[in-house]
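Below is one structure, written out as structure tokens; comments come after it.
The numbers here are math on the coordinates, done by the rules we state, and not lab data. Bear in mind that the values here come from a model prediction, so they are computed numbers and not experimental data. Cβ atoms come from the backbone with ideal geometry, glycine included; neighbour counts cover every protein chain shown.
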Amino acid sequence: MEYKIEDGSSKEIEINKEKVHLEIKDNDSGTDSVEVTEINTDFVTILLEKLGYHDNNITDMPDELTFILSCTDRLTLKEAVEVLKEAVSDHAEDENIPYHQFEDWKRLSTINDLVTNELDVFLCKAYAAMMKFSSPYLEVRAVIDTTDDPSIPVETFRAYFLAIVWSIVGSGFNEFFSHRLITISVSTSVIQIVLNFCGTFWADYLPCWGFNIRGRRIALNVDTPWTKKEQMFSTLLFAISMGTFYTHYNILTLKMKYDVHLGFGYQFLLSLSVQFLGFGFAGILRRFVVYPVKAMWPTILPTLALNRTLCDRKNKRAKIQYKVFGYSFLFIFFYNWFPTYIINILNTFNWMTWIATTNVHLANITGGVTGLGFNPIASFDWNVLGNMSPLIVPFWSLVNQYVAAVFAALIVVAVYYTNYAHTQYFPMFTQGIYTNTGEPYSVHKILNERNELDIAKYQAYSPPFYTAGNLVSYGCFIVCYPLMIVYSMLVHTKLLSSSFKSFGKSVMALRKKESWLI
């Protein structure tokens, strides 16, 4: 029998009759029942290759794949074909699905009950089970649990307490240092580790004192270890509050530039209203950017993976991840001293400008401070190298961003060297604006006592001048927003159409009394 593998080549195999036994404990039922499924070992090996599991060891398969295989018997061939047909339609333009897998889906979505090829029947059911009971994305399957245990506690007092305390500490830390010359911040991953340590300590050493309110137990501690659901719940509360508010720009600018001191009530209500506006948009848009299977957010996968590792230390995979984390932490801790403090030139490694230190054109093109940074070895600082999250964001997205950046840089070169809007009198790429004498622009010099534009002062002072890079950046911002809307409507028509229908049904359902009852 011949089948296609990931590199597009063909491979001849001889199917044997050996069976592999899969044992899955049913966590949802709360019992110790075990489901046993027999599947041909050669079929499983082929599936491992096709799904990207290159370690074809069927005796030590990942849990998520074992779960998928155990679900194949729940589907008839006809049901599996229907699932694949829907998947082909939904993921037709999905860059995150490997090409060879999508071609398999298209081929298998056309088979029928008369097919005699056992391998095709197996693959059809396996792919369909993956779609229906798990996820089509390998990265998602690797970090989520395949089953759920509703008896695991979530909203406990200890989870709320730790989440609120560390949200206050973390967001306060981030806000305080966001205005410093060297900006440092506490990321979600740091708080995850701290929460796990505090939660484990709390669960092990604090007493289970508590009281009842209307039949609900409010306890200082619960008689269970710190759970993965508590860990995820606490992480989520911190993640939505860790960022600095956009309103701080408004508040601090009025105070520092215009000598306008705002009261606490105004600051609090302005910040709170902006946050609630964000939550409102999140609730409205979740049907469009969260609920669809295709709407995968790669940046949240590390958070899920870290939580799973922290709360499942006995798992073999978790032990390997702990070891990798330990070695990586030690290496980065010692290495980071060099580009940050000891050898600062490693941070912005403008070695190409050393060739001709007085050549302005060379600095404009290859320099990383006020130039475009066309440099094959631009930095040895991981904070710079990891700025675009290369270990998280898909490769195709990074290539797309890189090509776009090169194209934009060429436009900056054209704007600068044609002296458009007098840009050649200033550095090629900086964020500030300048006067007609090349000095940083001071806005308060053109305002009257009511902080309004004074035309006489403006004419006596100077119009603002932008650098070439700044002009192109603002132009891209203006073009980007309508472009995203048009692009989404043209490329993701079906996804948006189904989401709008679902949104319309949910709005219409608000007319029913049952929708307002808790």
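Odds and ends about this structure:
- Extension gain, VAL324 to SER497: 0.36 nm times the residue separation minus the Cα-Cα distance gives 57.9 nm.
- Percent RCO, i.e. relative contact order, over the range 371-518, from Cα pairs under 8 Å lying at least 6 residues apart: 19 percent
- On Cα atoms only, tilt of 395-417 relative to the major axis of the chain in degrees: 20 degrees
- Computed from the alpha carbon atoms alone, the convex hull of the range 400-518 holds 228 Å³ per residue.
- The trypsin sites (Lys or Arg not before Pro) of the range 417-482 meeting both criteria, a DSSP state outside H, G, I, E and B (loop) and at most 12 other C-beta atoms within 10 angstrom of the site's C-beta, are ARG450.
- For the range 348-366 versus the range 449-518, the gap between their alpha-carbon centres in whole angstrom: 38 Å
- Calculated [222 nm] ellipticity per residue, helices only, for the chain: -16500 deg cm²/dmol; basis is -39500 (n - 2.57) per DSSP H run with n ≥ 4, divided by all residues, nearest 500.
- R0 of 41 Å, Cβ-Cβ distance SER271-THR370: FRET efficiency to nearest 0.05: 0.75
- Of the peptides 341-347, 245-251, the ranking by mean beta-carbon count within 10 Å, highest at the top, reads 245-251, 341-347.
- With Cα atoms, 0 to 90° folded angle of helix 264-289 axis to the chain main axis: 40 degrees
- Label-point separation, TYR402 to ASN112 (7 Å along Cα→Cβ), nm: 4.8 nm
- Convex hull volume per residue in cubic angstrom - Cα atoms of the chain: 245 Å³
- From least to most packed, judged by other beta carbons within 10 angstrom and beginning with the fewest, PHE288, PHE157, PHE333 follow the order PHE333, PHE157, PHE288.
- The chain: angle of helix 157-177 to the longest principal axis, Cα-based, in degrees nearest 10: 30 degrees
- Among the listed pairs LYS229/LYS255; LYS132/LYS319; LYS50/LYS501; LYS229/LYS294; LYS316/LYS494, those whose Cα-Cα separation exceeds 32 Å are LYS229/LYS255; LYS50/LYS501; LYS316/LYS494.
- Peptides ranked, highest mean first, by Cβ atoms within 10 Å: ranges 255-267, 83-95, 215-227: 83-95, 215-227, 255-267
- Relative contact order of the range 206-349, pairs being alpha-carbon contacts under 8 Å that are 6 or more residues apart, as %: 16 percent
- Contact order normalised by residue count of the chain, Cα under 8 Å, 6+ apart, percent: 9 percent
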